[in-house]
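Engineer: Below is one structure. I have some questions about it.
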Amino acid sequence: MDAKAFAQELKAVFEKLNADGVTQVNTANVAAYLEQLINSLNEETTNPTSVEIEHYKAMEREYYKAQLQGWAEQQKHSYAQNIEMFRSVITAGQNALRSSFLMNGGATVALLAFIGKLTDNAKAKIPLFVGSLSLFVLGVLLITGASGCTYLGQRFYAPNEKSEVKVAYWLNIASILLGLASYIAFICGAVKALHVFLLFA
């Protein structure tokens, strides 16, 4: 009960007393009446009405809805971030495979063109380039194998079953190792070709 309602009720009580011809009120009676009123207000507070209960439940529902919506937004953001990270990893891997393929393939084609030129005037020196040419071709073969492992790894990751994810993990490791081996093959082939070119000097 608010202050206005209390004042109205107290006024009504005094008006009733006045109508009954009571012009003076004993303070003890007023105190007893106020005590009774306080007790009734305490009971109302401790025993909320059905409207108050429904209001509280509605507030609680809105609170949980807000919490759920916040959690859903957080999950969406986390999922989108994971997708973007996964895409960036895939793109970086594709670029690494493409770079290695272009390096080894380009070196193979360039060396074959040079060997073709040697057939005109220096056939005896052609065998000197066999080692470096073999390394460049091996590099192309290794990076092709890495590309195949990458494809198979993605294929096994798709169902998301525990056994297949384990296979995909090892295929991913194999793809990385083959890619590194391809880079090493290119470096070794380039060093070997450089030594042969120094013999020409």
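Engineer: Checking the condition surrounded by 15 or more Cβ atoms within 10 Å (Cβ to Cβ), more than 21 Å from Asn95 (Cβ to Cβ) and modelled with pLDDT under 90, which residue from Val137, Val167 passes? It would help to see each step written out before you state the result.
Structural biologist: Working: Val137 fails: modelled with pLDDT under 90.
Unique residue meeting the criteria: Val167.
Engineer: Considering region 115-134 alone, what residues qualify as being surrounded by fewer than 14 Cβ atoms within 10 Å (Cβ to Cβ) and assigned to a helix (DSSP H, G or I)?
Structural biologist: Step one: list which residues in region 115-134 are surrounded by fewer than 14 Cβ atoms within 10 Å (Cβ to Cβ), which gives 116-117, 119-125, 127, 130.
Across region 115-134, the qualifying residues are Gly116, Lys117, Thr119, Asp120, Asn121, Lys123, Ala124, Lys125, Pro127, Val130.
Engineer: How many residues are under 12 Å from Met103 (Cα atoms) and surrounded by 14 or more Cβ atoms within 10 Å (Cβ to Cβ) when one looks only at region 185-194?
Structural biologist: Here is the first cut: in region 185-194, the residues under 12 Å from Met103 (Cα atoms) are 185-187, 189-190.
Within this subset, residues satisfying the condition of being surrounded by 14 or more Cβ atoms within 10 Å (Cβ to Cβ) are 185-186, 189-190.
Qualifying residue count for the region: 4.
Engineer: List every residue pair whose Cβ atoms lie under 9 Å apart, where the two residues are 6 or more positions apart in sequence or sit on different chains, the first residue falls within region 61-84 and is at positive phi and touching a residue at least 60 places away in the same chain (Cβ under 8 Å), and the second residue, located anywhere, is surrounded by 10 or more Cβ atoms within 10 Å (Cβ to Cβ) and not aromatic (Phe, Trp, Tyr).
Structural biologist: Close Cβ pairs (under 9 Å, with a partner that is surrounded by 10 or more Cβ atoms within 10 Å (Cβ to Cβ) and not aromatic (Phe, Trp, Tyr)) do not exist here.
Engineer: Now a separate question. Please enumerate the residues belonging to region 135-175 that are farther than 18 Å from Phe101 by Cβ, among the hydrophobic types (A, V, I, L, M, F, W, C) and assigned to a helix (DSSP H, G or I).
Structural biologist: Matches in region 135-175: Phe156, Val165, Val167, Ala168, Trp170, Leu171, Ile173.
Engineer: Another question, if that's okay. Out of curiosity, is Leu142 closer than 22 Å to Arg87 by Cβ, of a type in the set (A, V, I, L, M, F, W, C) and either in the same structural domain as Gly105 (by TED's automatic domain parsing) or surrounded by 13 or more Cβ atoms within 10 Å (Cβ to Cβ) (or both)?
Structural biologist: Working: closer than 22 Å to Arg87 by Cβ: no; of a type in the set (A, V, I, L, M, F, W, C): yes; either in the same structural domain as Gly105 (by TED's automatic domain parsing) or surrounded by 13 or more Cβ atoms within 10 Å (Cβ to Cβ) (or both): yes.
So Leu142 fails the test.
The values are calculated or read from the model by the stated rules, or taken from the named source; none is laboratory data. Since the structure is predicted, the reported quantities are computational estimates derived from the model, not experimental observations. Cβ sites come from the backbone with ideal geometry, for glycine too, and all protein chains shown count toward neighbours.
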